[in-house]
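Below is one structure, written out as structure tokens; comments come after it.
Any read-out appearing in this document is the output of simple, stated calculations on the displayed coordinates, not a laboratory observation. This structure is a prediction, so every number in the text was calculated from the model and none was measured. For neighbour counting, all protein chains shown are included, and Cβ atoms are generated from backbone atoms with ideal geometry for every residue, glycine included.
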Amino acid sequence: MSAEARATGLDPREAPILPTFTPDHAAALPGAPWLAQRRVEAAEAFSSSPLPTEKDEVWRYSRIDDLDLERFRPTGSEHPGGDPGPSSSGRLHALVDGLGARSGLVVTINGVLATLSSSVGDDVVVLGRATDHPEGADLLGAVLADPHDFPLLNDAFAIDPVVIDVQAGATVADPVVVVHVVSGAAGGAVFPRTVVRTGAGATAGVIEIVVDADSGLLADAPTDLFSSAGPPVERLVVPVTELKVGDGASLAYVSIQSLGGATWQMAHQASIIGADATLSSYAVALGGSYARLRTDSALMGESGASRLRAAFIGRDDQMLDFRTLQDHRAPRTTSDLLFMGAVADRSHSVYSGLIRVRRGAVKSDAMQTNHNLVLDEGAHADSVPNLDIEENDVKCSHGSTVGPVDEDQRYYLESRGIEPGRAEQLIVAGFFESIADQVPLPGARDLIGRALAERSGVSHG
Amino acid sequence: MSTGELVIEDLRAGIPGREILQGLSLTVRSGEVHAVMGPNGSGKSTLAHVLMGRPGYEVLGGSVTLDGIDLLALPTWQRARAGLFLAMQHPIEVPGVSLVESLTAARQTVPGGPFPDVLERLNAEAARISFDERFLDRSLNVDLSGGERKRNETLQLGVLRPRFAVLDEIDSGLDVDALADVGRRVQEATSEWGLGVLAITHFRRLLDVLRPDVVHVLSGGRVVATGGAELAEIVDRTGYAAYT
């Protein structure tokens with residue numbers, strides 16, 4: 001705040017008055033009374049707080065100042081049944097079937113539940129709308145208890161929050177698949193919301209895909225994953241996912257973002273990991289104009305562990321923005337983060353991550369690594385690792401690389417007679433293959449490997 | 001059986017601001033094994049890097065030709081295509097790229113045209129040096145021990161069949177069995193297709209399995225002594241002090 005603004009009492013970051021994201025709009029959405037109440041409170045809180053700006057540390061390097069929320073309005077509730085459109089529904093089935101065996105399927109269209117099926121009993125997984133779950137009101141927000149900015153907007157406008165409740169002690173052999181399809185006219189804002197609770201001692205996997213009906217993984221031609229039917233449609237998509245991993249439980253979570261080229265995405269994935277529990281998460285970022293993913297992982301119980309992975313490829317003018325927090329709050333907790341990606345054309349990636357080890361989290365072990373391949377001269381990657389360690393007896397390491405294809409690797413292949421262009425192709429393909437190998441759910445591995453190879457412009461042969 | 005020669009003449013080279021090779025000359029003919037020995041800092045590894053054209057090294061004078069082809073005028077990959085191979089002292093990790101993939105790409109380029117079956121040759125060569133087949137699909141040099149990396153380099157040499165091979169301390173990190181496998185394979189290549197070898201080494205033990213025809217002692221970036229296999233024994237006994 002400038003001295004002048006302070007003197008006149010004018011806060012330049014005055015709360016926005018947005019014509020489309022008002023408490024009245026939130027109140028008009030369908031759902032149980034507790035959910036309606038929750039939405040209105042969130043909308044009021046959002047309306048009375050300032051929008052973030054690039055001056056805020058967590059929004060540095062972002063494009064938040066270019067986002068004009070007035071260009072968007074909540075969408076989805078006008079089609080309460082959900083309507084994927086006949087052509088994309090065939091492609092949707094192909095996409096989902098390509099993931100292999102599954103225990104359940106949830107599809108939302110513009111945030112509205114459209115498909116719900118489960119091949120396992122309620123004694124294994126309870127799957128469905130939060131409003132249909134007896135503990136829905138407690139589950140929603142259990143991980144993200146104190147949301148700000150966009151998660152708050154999600155609280156206010158999520159139409160059908162989805163709950164995946166894995167019962168204590170259950171083992172779910174095949175993953176539950178959740179697909180959020182966004183479609184329709186320009187200016188639509190969609191708020192997918194998913195809550196996963198893995199009960200004590202349970203083992204489960206979840207694959208969550210956020211996809212544009214008209215581009216990316218649902219594009220017309222199966223041979224070209226990234227063709228688009230027409231010019232990309234401007235949208236705002238705010239997916240929020242809460243992962244609660246109970247004591248002794250193990251959750252593998254894979255998320256794939258395949259949005260259109262004119263979409264703003266503000267995604268938030270928050271997790272709480274209990275004692276002796278393990279979260280293995282893997283995020284893939286492919287589409288979007290500005291696509292942000294915030295990953296907050298809190299290790300709350302002794303000997304809990306997280307393995308956080310992300311793979312991304314930027315093209316054209318897009319910006320892929322990753323913010324991570326590895327929050328060690330209990331002794332002997334382990335976190336291992338590796339975010340790897342490439343930027344091509346004039347695209348830009350941001351990685352900003354914090355390892356936080358709280359007092360008392362003794363003998364914790366945290367690793368944070370970010371590798372960025374810069375494939376074209378006009379492309380750019382920022383990497384900002386940070387540590388905040390309040391405890392002595394801990395092990396922390398972080399590192400990052402930003403640069404073109406490694407000169408030594410190219411030299412090695414060239415010394416075998418491989419020409420430079422081919423050597424570079426092999427190295428880039430290898431870079432993505434080595435990270436695709438780490439996808440924790442085998443069913444998603446092929447799709448991710450193929451998507452990364454195609455998007456990076458290299459395929460094997 | 002190829003016949004030809006790798007001729008290094010009055011080679012001066014180094015890293016920016018520092019001349020390390022100060023007029024080095026030697027000639028290796030097809031089928032011959034030459035050993036280059038020398039103390040640390042004598043320029044042995046620089047010689048290997050400069051011959052293959054590693055980025056970061058610069059040539060200040062002299063020439064290197066392979067059957068009359070001016071190697072120094074060529075980029076690395078064309079030097080390889082001309083028939084030069086470097087078994088690196090520290091083979092570089094290339095994540096996600098397997099031996100099979102890289103050799104499939106490289107097979108197009110070997111002297112004499114592409115050979116028919118990469119896998120067949122790869123498996124045969126792996127068996128000859130006891131290289132574990134489960135490493136064949138693994139990323140190049142990733143999660144390999146020092147010794148496995150050297151076997152891997154030797155394996156590639158066997159598959160690609162270059163005309164001349166520079167072995168940069170291929171004996172370092174090898175146990176006795178691996179040393180015997182690697183040394184024998186290279187020795188056999190000299191008669192199989194007339195491979196010419198420039199074996200850079202710090203110690204004599206490699207030369208017990210890979211018998212040199214000629215031994216050069218390198219010091220201060222120059223060849224200061226040249227002799228037969230007996231020179232390696234003398235150096236081993238008396239050290240390099242007499243040559244520095």
Quick one: Karplus J couplings for segment A:309-325, per residue in order, coefficients 6.51, -1.76, 1.60, θ = phi - 60°, nearest Hz, x for Gly and Pro? 10, 8, 10, 8, 9, x, 9, 6, 9, 6, 10, 10, 10, 10, 10, 10, 9
Computed ³J(HN,Hα) along segment A:31-42: with the Karplus parameters 6.51/-1.76/1.60, θ = phi - 60°, integer Hz and x for glycine or proline, the list is x, 5, x, 4, 6, 4, 4, 4, 5, 5, 4, 5
How about A:Lys395: which lysines have a C-alpha closer than 16 Å to its C-alpha, ignoring those fewer than 8 places off in the same chain? A:Lys363
For B:Leu86, what residues show an amide H to amide H distance below 5 Å, using hydrogens built from the backbone and excluding near sequence neighbours? B:Val166
Under the helix-only model (-39500 (n - 2.57) for each DSSP H run of 4 or more, divided by the residues of chain B), the mean residue ellipticity at 222 nm, to 500 deg cm²/dmol, is -10000 deg cm²/dmol
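How big, in percent, is the set of alpha carbon pairs in segment A:406-461 lying more than 12 Å apart? Display every interim value, and only then the final one.
On the way: 989 of 1540 pairs.
Counting every Cα pair in segment A:406-461, those more than 12 Å apart make up 64 percent.
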Other-chain or far-sequence residues with amide H under 5 Å of A:Thr401's (modelled H): A:Asn370, A:His371, A:Asn372
Using modelled amide H (1.01 Å from N, peptide plane; none on Pro or chain starts), what sits under 5 Å from the amide H of A:Val179, excluding residues fewer than 5 places away? A:Val106, A:Val107, A:Thr108, A:Ile209
Full extension between A:Ala173 and A:Arg450 adds, at 0.36 nm per residue less the Cα distance, a length in nm of 97.3 nm
Segment A:336-362 and segment A:134-205 have their Cα centres apart by a whole-number Å value of 23
Rh by Kirkwood over Cα pairs, then Stokes-Einstein D for segment A:68-405 at 1.306 mPa s and 10 °C, µm²/s: 79
Could you grab the relative contact order for chain B? Cα pairs under 8 Å, six or more apart, rounded to a whole percent. 28
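Assign unit charges at the C-beta atoms only (+1 for Lys and Arg, -1 for Asp and Glu), then state the dipole size of segment A:34-174 relative to its Cα centre in Debye, rounded to the nearest 20. Could the numbers behind the result be given before it?
Details: 10 positive and 23 negative charges, 80 e Å.
That gives segment A:34-174 a dipole magnitude of about 380 debye.
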If unit charges are put on Cβ atoms (+1 for Lys and Arg, -1 for Asp and Glu) and the dipole of segment B:5-243 is taken about its Cα centre, the option from B:Ile20, B:Tyr240, B:Gln78 lying farthest towards the positive end turns out to be B:Ile20
Do the sum for chain A: with -39,500 (n - 2.57) for every DSSP H run of n ≥ 4, divided by all residues, what is the mean residue ellipticity at 222 nm, to the nearest 500 deg cm²/dmol? -5500 deg cm²/dmol
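Taking only the Cα atoms of segment B:5-243, how large is their convex hull per residue, in Å³?
Working: hull volume 27.3 nm³, N = 239.
Each residue corresponds to 114 Å³ of Cα convex hull volume.
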What does a probe at A:Arg346 reach in segment A:370-391, counting residues whose amide N is under 11 Å from the point 7 Å along Cα→Cβ? A:378-379
Work out Dmax and Rg for the protein assembly as shown from the C-alpha atoms and quote the Rg first, both in angstrom. 30.6, 96
Which of the lysines could be linked to B:Lys44 by a straight reach, that is with a Cα gap under 24 Å, when you skip same-chain ones fewer than 8 residues away? B:Lys150
With charges only on Cβ, +1 for K and R and -1 for D and E, what is the dipole size of segment B:21-149 about its Cα centre, in debye, rounded to 20? 300
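Among DSSP beta bridges whose residues both lie in the protein assembly as shown, state the antiparallel percentage, nearest 5. Mind dumping the intermediate values first?
On the way: 36 of 186 bridges.
Around 20 percent of the beta bridges assigned by DSSP in the protein assembly as shown are antiparallel ones.
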Using 1/(1 + (r/R0)^6) with R0 = 60 angstrom and r between the beta carbons of B:Glu233 and B:Arg134, what's the FRET efficiency to the nearest 0.05? 0.95
Centroid-to-centroid separation of segment B:33-71 and segment B:210-244 [C-alpha atoms, Å]: 17
Taking every DSSP beta bridge with both residues inside segment B:5-243, roughly what % is antiparallel (nearest 5)? 60
Karplus (6.51, -1.76, 1.60) ³J(HN,Hα), θ = phi - 60°, over segment A:50-62, in Hz, Gly and Pro reported as x: x, 6, x, 10, 5, 6, 6, 3, 6, 10, 4, 6, 7
Rounded to the nearest 5, what is the percent of antiparallel bridges among the DSSP beta bridges in segment A:68-405? 10
Report, in degrees rounded to the nearest 10, the 0 to 90 angle that the Cα long axis of helix B:146-160 makes with the longest principal axis of chain B. 80
Name all residues of segment A:310-351 having a backbone nitrogen under 15 Å from the label point set 7 Å from the Cα of A:Thr401 along its Cα→Cβ direction, giving them as ranges. A:338-343
